[in-house]
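Down below is the structure, laid out as structure tokens.
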Amino acid sequence: MTSLMQRWRSLSDEVRRTAVGAAAARLGVPDISERAAWEALDHEAVAALLGEAEKDRAQPWPHTLLSDYARYWRDGVRVAYEEPVGELRRRTAAAVAAAAVTGEESWVDHAADGLQLLCEQTTWCWAAHESFASARNEVVADPDDPYVDLGAAETVEVLAWADLVLGPALDDRVPGLRRRLRREARVRVFVPFLQRRDWHWLGLDGRLHNWNPWIHGHILSAALLLEPDADRQLGLVDLVVEDLSRYLDAMPSDGGCDEGYAYWWNGPARLATALELLDRITAGAFDPWGVPPLAELARYPGRMALGDGWFVNVGDGPARPSTQQPWHVLHRWGRRIGDDDVTAFAATHGSELPTPQPGLGRLVLALFDRDWWAAKPGATGLPRSTWLPETQLFVARDAGLALAVKGGHNDENHNHNDVGSFIAAVDSSPVLIDLGQPTYTAISFSPRRYEQWVVRSAWHNVPLVDGQEQSPGADSKATHIDVQEGVSLALTLPDGAVRRKASLDAGAVRVADTWPAGHEIVEHFVIAGTPQRQRPGELVIRALSGAVATLTWNAELGAGTLERRPVDDDLLSAVWGPEVHRLTIDASALTTFELTVRNTG
């Protein structure tokens with residue numbers, strides 16, 4: 001099997017060196033001096049971009065404060081710093097876009113202000129990732145010892161694409177700024193990236209996750225657009241391709257993403273953007289699209305869709321993520337692999353105009369993607385069923401109902417203790433739910449991670465066995481898996497006692513658990529929506545979509561206990577509202593329990 005690195009290295013040194021050196025001219029994005037190209041852009045998209053930028057310009061630039069940075073260590077709060085620093089990047093990207101589409105000097109000056117503010121930051125690294133400062137028992141980053149993380153990568157990406165599209169205007173209005181951009185990229189990103197090979201996101205220990213393509217993709221664009229030394233530039237790009245190849249080699253052949261749909265956009269989709277840049281600068285000679293499992297990875301979003309903006313979510317992923325996703329990336333990916341279903345699924349989201357939020361590079365690539373703007377949404381159906389055997393995720397849909405069941409293990413990226421948990425949706429809206437991602441704090445990725453109620457198995461749709469919740473770790477896994485594709489998934493839960501079978505058939509979701517006598521089994525079901533009626537063996541719920549779902553179970557076990565849980569986390573409440581409920585049923589008196597979910601209105 002040919003890897004990405006092998007395919008890249010199959011190109012001669014001369015071809016690679018020429019491609020990298022001519023990248024700015026080959027990416028297909030004009031600079032601000034090519035007015036005809038910018039003035040021919042989609043008028044609705046331009047109007048939306050300018051409207052956003054004008055609102056930004058009416059407000060003072062965000063400031064990043066040491067006291068906010070230090071809060072990560074003081075009280076575990078991350079967002080106090082990450083939100084304004086993210087706003088500074090987004091607003092700078094919006095100002096760059098406004099300058100490019102209008103050609104106006106006032107916008108160029110405004111964009112230059114934002115770029116300079118980014119350059120003046122002591123660090124581009126987020127406090128949560130600043131292990132160098134932590135090792136010194138300090139809360140102040142050292143500019144002479146920069147840490148390359150997602151924040152550094154996101155920032156250098158803005159500088160790189162701003163330099164490409166505004167270069168001539170920056171030379172005219174603010175001579176010297178472009179030299180400053182290159183200096184910051186070299187000191188903060190290129191040199192530490194080349195000199196150290198102990199960055200955890202390289203995946204040299206075999207643990208690969210979304211940081212790899214997310215950071216490497218931004219280093220790639222920065223190397224192509226900001227590095228003036230030809231030898232260093234080629235060295236950076238070769239190293240990036242080697243590291244991206246390692247990431248792709250680690251992806252399951254079924255195209256699954258253990259980090260879930262929301263992180264797919266900053267994992268596999270970041271990889272696709274990086275590969276597209278390499279393909280463009282080599283005029284198609286690189287052509288990576290046949291390397292497995294790229295085609296399968298492109299199909300993942302459509303396989304996870306429930307409809308109406310809802311998606312199957314696992315781990316730290318929202319069930320209803322932001323609609324501001326770069327669907328043009330998926331559309332181009334589908335075109336590259338020749339998959340009409342992928343392009344059709346992406347095109348159904350074409351009404352979502354591109355914004356700077358997912359990144360300046362993604363924005364400008366979208367603006368000049370004529371095929372994307374010409375794409376018309378057509379009829380596209382969701383697959384009747386999906387089984388991803390390596391990821392161990394099963395999804396079925398039928399007659400307004402959907403079922404998703406997760407196998408896997410409890411040492412996945414962004415893990416929740418959720419082996420065997422399931423989601424049941426009515427009219428697209430999940431009723432029995434996976435809560436998803438809470439707001440990240442200092443404990444989110446610490447040894448205290450499983451103190452968070454959202455990630456514990458007690459707040460997933462799995463039973464409590466003999467008073468014990470599921471434990472984290474790769475040994476806590478699903479076993480004895482049996483799939484009847486399109487109908488059901490059966491597996492043994494990590495405790496080894498409970499056998500679970502979940503199916504979608506004959507207009508109902510059915511989940512049946514069996515176990516040997518002598519075990520204490522307490523069933524848990526996490527519910528979104530409004531409970532309407534509860535009685536022995538039955539609970540009626542009005543889903544968030546307005547549909548009515550009826551849950552039924554062994555009547556001899558009674559009505560169970562319905563617990564209301566206020567949702568005071570902003571990320572969670574944005575998806576589920578101010579509260580969720582948990583239905584608890586003690587099934588210890590039996591050796592079999594069956595729950596049925598039907599759409600009853």
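The values are calculated or read from the model by the stated rules, or taken from the named source; none is laboratory data. Given the structure is predicted, the values throughout are model-derived calculations rather than measurements. No Cβ is skipped: glycine too gets one built from the backbone with ideal geometry, and neighbour counts run over all protein chains shown.
Quick look at the numbers
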quantity	calculated
Members of the range 150-183 found to be among the basic types (Lys, Arg), under 19 Å from GLN121 (Cα atoms) and either out of contact with any helix residue (DSSP H, G or I) (no Cβ under 7 Å at 6 or more places or on another chain) or touching a residue at least 24 places away in the same chain (Cβ under 8 Å) (or both), listed by number	ARG179, ARG180, ARG182, ARG183
Condition broken by LYS376, with the remaining ones in (1) assigned to a loop (DSSP other than H, G, I, E, B); (2) in contact (Cβ under 8 Å) with a residue 60 or more places away in the chain satisfied	(2)
Lone unmet requirement of (1) surrounded by fewer than 19 Cβ atoms within 10 Å (Cβ to Cβ); (2) acidic (Asp, Glu); (3) in a loop (DSSP other than H, G, I, E, B) for ASP482	(3)
Strands (runs of 3 or more DSSP E) contained in the range 529-601 and holding at least 2 residues touching a helix residue (DSSP H, G or I) at 6+ places or on another chain (Cβ under 8 Å) and crowded, with 16+ Cβ neighbours inside 10 Å	579-586
ASP340 vs. criteria free of Cβ contacts under 8 Å to residues at least 24 places away in the same chain, charged (D, E, K, R), on the phi < 0 side of the Ramachandran plot and surrounded by fewer than 18 Cβ atoms within 10 Å (Cβ to Cβ)	yes
Those residues of the range 6-57 which are over 28 Å from ALA94 (Cα atoms), touching a helix residue (DSSP H, G or I) at 6+ places or on another chain (Cβ under 7 Å) and either surrounded by 18 or more Cβ atoms within 10 Å (Cβ to Cβ) or without any contact (Cβ under 8 Å) to a residue 60 or more places away in the chain (or both), in sequence order	TRP8, ARG16, ALA19
Any hit, the range 385-394, residues being of a type outside the set (Asp, Glu), over 15 Å from GLY260 (Cβ atoms) and either more than 22 Å from the chain's Cα centre (by Cα) or part of a loop (DSSP other than H, G, I, E, B) (or both)	yes
Single unsatisfied condition, THR391 versus (1) in contact with a Pro (Cβ under 6 Å, 6 or more places away or on another chain); (2) modelled with pLDDT under 95; (3) hydroxyl-bearing (Ser, Thr, Tyr)	(2)
Check on GLY206, modelled with pLDDT under 95 and part of a loop (DSSP other than H, G, I, E, B)	yes
Qualifying residue in the range 79-91 (condition: modelled with pLDDT under 95 and surrounded by 15 or more Cβ atoms within 10 Å (Cβ to Cβ))	no
Residue count, the range 251-284 (criterion: on the phi > 0 side of the Ramachandran plot and buried (at least 24 other Cβ atoms within 10 Å of the Cβ))	1
Those residues of the range 469-525 which are closer than 20 Å to LEU557 by Cβ and in contact with a His (Cβ under 6 Å, 6 or more places away or on another chain), in sequence order	ALA497
